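Accompanying notes for the structure given below.
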Amino acid sequence: MRITLDGSQCEDLNPTTVAEAIEGGCARAHQLGRIVVQIEVDDRTLDAAELGDPTITTGTAEAVALTSMEPTEVLQATLDLGRNAVEAANEQFAEAARHLQAGETVQATTPLQEGLELWQTLDEHVLREAVPAVLASGPQAPTEEAFGRLVGELETSLKTIKQAVASGDLTALSDCLLYEFPETTKSWIEFLTMCSNALATREPETTEGDS
C-alpha cells in the first residue's frame with residue numbers, strides 16, 4: 001500500500017489495512033505540527049461516514065493519500081467558511097421574509113429552516129471551536145468581551161425568531177428577518193474578519209525542530 005502525506009511518500013510505514021495507513025499518516029502529520037483535512041483512498045475522497053465504516057477501513061487499497069494543513073491554515077479556512085455561512089443565512093432569512101410579506105407562509109418555511117440550520121452549524125464549528133482558539137492567539141485578536149457581546153445579541157435575535165414562530169406573529173418574524181439580521185450579519189462578518197486578520201499577523205509558532 002502506498003501512503004503519501006501532502007504528496008510525499010511515507011516509505012517507512014507498512015500498514016496492512018486502510019485504517020492503519022490513515023493512523024500512520026495522521027501520526028506523521030501530528031509530528032510535523034499539521035492537521036489532516038482530507039483522506040483519499042485509491043483516488044476517492046472519503047467522507048466522515050466512510051472513515052468510520054469498517055467495510056472500508058479494515059480492507060486494503062493500492063494508495064492512501066492524506067492532505068494536511070497548518071493549524072493556522074485550518075482556522076483561516078474555518079473562518080472563511082463561517083463568513084460565507086453568515087452571508088448565506090442572511091440570504092435565506094431575506095427570502096423567507098419576502099415570502100412572509102407576500103402572504104406565502106408555506107414557501108417561507110424552507111429558507112427559514114435552512115437559515116436557522118446554518119447558524120446552528122456556525123455555532124458548533126466556528127463560534128465554539130475556531131473563534132475561542134483565535135481569541136487566545138495574541139494581543140491583536142478580538143477581545144472576549146466583544147465576542148460575548150455578539151453572542152448575546154445573536155441569542156436574543158434567534159430567540160425573537162422562535163418566539164414569533166411560536167406565537168404566529170408573522171409581522172414580527174418578517175421584521176426580524178429583514179431588518180435585524182442584516183445588522184447581525186454585518187457585525188459577525190466584521191468580527192470574523194478581525195479574527196482572520198489577527199491570525200494573519202500572528203507570528204508562526206516554533207516547533208522542536210525549529211529550535
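No lab work stands behind these numbers, since they all come straight from the coordinates. Because the structure is predicted, anything quoted here is derived from the model rather than measured. Glycine gets a Cβ as well: all are built from the backbone with ideal geometry, and neighbour counts include every protein chain shown.
Lys/Arg Cβ at +1, Asp/Glu Cβ at -1, dipole of the chain taken about the Cα centre: which of Gln140, Ser174, Gln76 is farthest positive-ward?
Ser174
Could you list His30, His99 so that the one with the fewest beta carbons within 10 Å of its beta carbon is first and the one with the most is last?
Details: His30 12, His99 20.
Lowest count first: His30, His99.
Among Cys26, Cys195, rank each residue by its count of other Cβ atoms within 10 Å, from fewest to most, as a rough exposure measure.
Values: Cys26 17, Cys195 26.
If I rank by nearby Cβ atoms, fewest first, I get Cys26, Cys195.
To the nearest 20 debye, what is the magnitude of the charge dipole of the chain about its Cα centre, counting +1 on the Cβ of each Lys and Arg and -1 on the Cβ of each Asp and Glu?
Values: 12 positive and 37 negative charges, 94 e Å.
Its charge dipole is roughly 460 debye.
Tell me, which longest segment in the chain has none of the GluC sites (Glu not before Pro) that fall in DSSP loops with at most 10 further Cβ atoms within 10 Å? Write out the running numbers ahead of the final one.
Values: sites that count: Glu11, Glu62, Glu208.
My reading of the result: 63-207 is the longest stretch.
With +1 on each Lys and Arg Cβ and -1 on each Asp and Glu Cβ, how big is the dipole of segment 2-69 about its Cα centre, in debye rounded to the nearest 20?
Values: 4 positive and 12 negative charges, 44 e Å.
Here the size comes out at about 220 debye.
In segment 52-211, if the dipole is taken from +1 on Lys/Arg beta carbons and -1 on Asp/Glu beta carbons about the Cα centre, which of Ala97, Val86, Thr110 is farthest to the positive end?
Ranked along the dipole, the leading option is Ala97.
Roughly what % of DSSP beta bridges within the chain run antiparallel, to the nearest 5?
Working: 10 of 14 bridges.
So the antiparallel bridges in the chain amount to around 70 percent.
Computed from the coordinates I sent, percent of Cα pairs over 28 Å apart equals one of (i) 48; (ii) 29; (iii) 40. Tell me the label.
This structure yields the entry labelled (i).
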